Every structure is written in C-alpha cells, then in structure tokens.
1. Looking only at the range 153-163, which residues are touching a residue at least 12 places away in the same chain (Cβ under 8 Å) and either among the aliphatic types (A, V, I, L, M) or open to solvent by 50 Å² or more (accessible area, probe 1.4 Å) (or both)?
2. Among the residues of the range 333-343, is there at least one that is among the polar types (S, T, N, Q), outside any helix (DSSP H, G or I) and modelled with pLDDT under 75?
3. Given the options 150, 135, name the one that is polar (S, T, N, Q) and without any contact (Cβ under 8 Å) to a residue 60 or more places away in the chain.
4. Condition test on residue 62, is it closer than 26 Å to residue 182 by Cβ, outside any helix (DSSP H, G or I), open to solvent by 20 Å² or more (accessible area, probe 1.4 Å) and in contact (Cβ under 8 Å) with a residue 12 or more places away in the chain?
5. Being touching a helix residue (DSSP H, G or I) at 6+ places or on another chain (Cβ under 7 Å) and under 29 Å from residue 40 (Cβ atoms): is that true of residue 111 here?
6. List pairs: first in the range 104-122 and closer than 12 Å to residue 332 by Cβ and part of a helix (DSSP H, G or I), second of a type in the set (Val, Ile, Thr) and modelled with pLDDT of 90 or more, Cβ under 6 Å, 6+ apart or cross-chain?
7. Determine whether the range 291-301 contains at least one residue that is over 23 Å from residue 134 (Cα atoms), open to solvent by less than 80 Å² (accessible area, probe 1.4 Å) and modelled with pLDDT of 80 or more.
8. Do you know which residues across the range 65-100 are more than 13 Å from the chain's Cα centre (by Cα) and touching a residue at least 40 places away in the same chain (Cβ under 8 Å)?
Amino acid sequence: MLVLLVALTVPRLTQRGMFGDGLLYAAVSRNLSVGVGSFWSPTYTLTTDADFFEQPPLGFGLEALAFRLFGQHPAVERVYSLTLFALTALFIVALWRRVQPAEEDWVPLLFWVLPSIVTWAAVNNMLENAQSVFTTAAVLMLLIAAEAATALVVSAWSVAAAVAIAGAVLVKGPVGLFPLATPLLLAVLLRRQSLRSALGGTVVMLLVLAAGAVALTLYPPSHHALAEYLHTQLIPSLQGKRETNGDPLAVVRHLGLGIVARMAVVVIASWLLARRRVGLERVPWKLGAFFFALALCGSLPIGVSPKLVGHYFLPSVPFFALACAVIARAPLAVLTRRSESRMPGVVLGVAAALAVASCLVIATKGSLDRRDTALLADLDAVAPLLPREATIGACAASRMDWRLHSYVSRLYGVSLDTNDQPVNGWLLQVDRGCTPPPPCTATSTGVSVVLFRCGPAAGR
C-alpha cells in the first residue's frame, strides 16, 4: 500500500508548476518565511494583497516554518505536502486499528485514495491537506477519550482534540469544526461511552474553543485578521457573492460521483467477488454508520454552500473511506485469504512494478503532470537578470495574470507594479502587453516574456 501511495503522488510532485491556489499559498508562505508580512498579516506580493486575509493564517505559518528550516527550493513545498499526505494516512491507520483488526489496515487507505481529489490536493499544495491532518487527529483523540477510564483522562484528551479542531479552523475555516460531533455520535451509534461522558467531553471542547476565540478577539492583530477573513471571504462566500459554482448538480458531481460512488463500486465489487462466503451479519454496521455520519457532518455543510469545489470535501474523505472499509473488510479478507498462497508474490510483483514505473517516469518525463511549462520556460530565460526581492514594473495587461504574479513572487521574491511603467529601473513585458518607454533596453527574452532595463529617466 505504501508503494501505491508513493506511485500516486511522487511522480506528479516533480513538476514545477502547480494549480493556482496552491501556488498562491506557496508564495504567501515563502514571503512569510523571509519576513515579508507577519503571521496575522501575511503578504501575497507588495503590490497585490500586501495584507492577505483570504484564508486563516495557520496553513501559511506551517509551510513558512518548513521554508525557514529547509530553504526556499520548490522541493521543500513538495516534501511538505507529501508529509501532510503521509500524516493523514498514519492517522487513518491509527483510527482503523482502534476499531478493527490491524491486519486489514490497508483497506481504509485503499478507499481513501480512490477519489482523485486526495492525491490531486497533495500534489498541488492545497490548504485542505493540513486541515485533514488536524481533523483526523482530533477524531483519533476523541476515540481514545471514549475509552478512558476516568473523567480526568477524558477531559485531557478532549482538550487536546479541541486544540486540533482549533488548528483545523485556523487553517481553512469553520468546516474544521465537524469533529465536535464525534462524542455524541460515539454515544448514540456505538455506545462506546455514556451520553453523560460524551456531553461532558463536548462541553470541555466548547469551553476550550470559546477561550481560544476570546483570546484571539482580545489580541488586536488576530482580531483584525480574522475579522477581515470573515468580511472579505467567509460571509460573502456563504451569501453567494464570491465565486459561486453556478452548477446545481455540483454536490452530486463532486461528493456523489467523485467520492461516494467510487467507493461504493469497490464495496459492491468486493461483496460480489466474495460469492457469499461471508455473511452480512459479520459487518459492524453501527461502526460504519458512525464513520459515515461523521463524514456527512464534514461534507453536508459544504454541499449546501453556494461556493463549492471538489477539494473542499477533502477533510471528510478519510471518514467516508473508513465507513466503506468497515463494510468491505470481511469480503476483502475472504478474497485475500482465498489467494494467500499467491498473495506475497503478487504483492511483491505489483509493488516492484509500481516502484520501477515511478522511477522511470521521474527519470524520463520529470513528471506526469506538466502545468505552465511555457510560462516557466519564459521566466527561466529572464531569471538570470531578474532582480530578487524587489518590486519592478509590468504591463497593465498583466494586472490579473495571477499565475505570473504567483510565480515571480514564489520563485524570485518579485512584486509586479502593473502600470505600464518601469519601477526601480525594470519592466517585465508579457505578450507585448505594453510599449516600454525610452530609454529601455531588452536584457533577456523568452518566447512571450521580455525583461527591460530602463534608464533613470524612465524609472520612478
């Protein structure tokens, strides 16, 4: 299973390009790591969103820490994303081992990677990667709390879970609150703890979260940052005033077909292939219902939101996977036992083939994904003379070219002042978007990008 997870991610992580949001997050985090902006007021570029409040800041802070520790090379953000992916996988396995046999801990991982958004998000540096780590960790802590012998231990684990939930919210907003439903679901569906204990643990978590909210409100920088996030991003999004999907079937396409249907096909296939060698009575239906209900707590609020894209569901995918794995474990165990004499050789052969294929892809193609190759080649052409950690001029036609802004910020620390005029003696022209004023001389040229060095009369 480990080789499969690596094969689905590493050959794609070697690409230089990224999806726009992930690239923007990397640029903000990189700036924060070198002291441009602050934790509660991160910076996209000095000329565009110098105070970036589109998301809570913890995700940027964590990635900035990785850059601070290991440098600003693009490999750092790739390894950072892969680490978050691995941590989520470890927490899924830990959750499984608390409720099901450890021998089949590969089953939930198999279901987890079925939706394409899981590996896509890992490859593209999405904030939901970090949020998934916090939410799965919180649920694991609450399962441990449910088995605790004393109220003091229950409270201690509930406090830890509340801290993880707060982390999830500070990475990507209030969807990270859904693990709060865990104690009551455990009490009602599984009877793993008394209703009184569940209510007590929930109250402890709410008190911790309330205390944290009060502290953040009383601290002016965090108060300002989170208020700006609410007023510029969250509330307008919930009101349908920002980037609405316009697709009435979006929840069916992303949640129904992209996640649930894929897993359901594997569940049904496993039962059909088992050919009645296992009875339905062997399935722990209540445990499956618990994980499924928890997944719905994390996904239904997103499903009714006017702003909806597939990767928003990422934190709930581990729990859909665990629910389906619980239902499919018995037939899959029968199928693996049926061929157990051949299984070691088959597994070893498949693992070896995946490992060799991954290495060949990296060695021959560099990456299975090739995003923004033309733009990156052009930036490579002008990079030797492009000033670092500076603001330069650019054409007004590039004002909304967020890929350009993000790449020059992430790779070179450059901010673009898009007013058709040179700044600090430099002008970056893309697709002949403007005519450089005299005296400006082209110093380096790509296919569609030209870097001009301009004299004092043209600068400002």
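The values are calculated or read from the model by the stated rules, or taken from the named source; none is laboratory data. Model, not experiment: these values are computed from the prediction. Don't worry about glycine lacking a Cβ; one is built from the backbone with ideal geometry, like all the others, and counts go over all protein chains shown. Accessible surface is based on the protein model in full, side chains and every heavy atom, while ligands, DNA and RNA are left aside. Shrake-Rupley method; radii C 1.70, N 1.55, O 1.52, S 1.80 Å.
1. Initial filter on the range 153-163 (touching a residue at least 12 places away in the same chain (Cβ under 8 Å)): 154-155, 157-163.
Scanning the range 153-163 gives 154, 157, 159, 160, 161, 162, 163.
2. The initial filter retains those residues of the range 333-343 that are among the polar types (S, T, N, Q), namely 336, 339, 341.
Now narrow it down to the ones that are outside any helix (DSSP H, G or I): 339, 341.
Okay, now just the ones that are also modelled with pLDDT under 75, so 339, 341.
Yes, that holds for at least one residue.
3. Working: 135 fails: without any contact (Cβ under 8 Å) to a residue 60 or more places away in the chain.
Selected residue: 150, the only one of 150, 135 that is polar (S, T, N, Q) and without any contact (Cβ under 8 Å) to a residue 60 or more places away in the chain.
4. Numbers: closer than 26 Å to residue 182 by Cβ: yes; outside any helix (DSSP H, G or I): no; open to solvent by 20 Å² or more (accessible area, probe 1.4 Å): yes; in contact (Cβ under 8 Å) with a residue 12 or more places away in the chain: yes.
Taking the combined requirement at face value, the residue does not satisfy it.
5. Working: touching a helix residue (DSSP H, G or I) at 6+ places or on another chain (Cβ under 7 Å): yes; under 29 Å from residue 40 (Cβ atoms): no.
Criteria not met by residue 111.
6. 108/92
7. Within the range 291-301, the subset over 23 Å from residue 134 (Cα atoms) is none.
No, that holds for no residue.
8. 72, 74, 89, 91, 92, 94, 95, 96, 98, 99, 100
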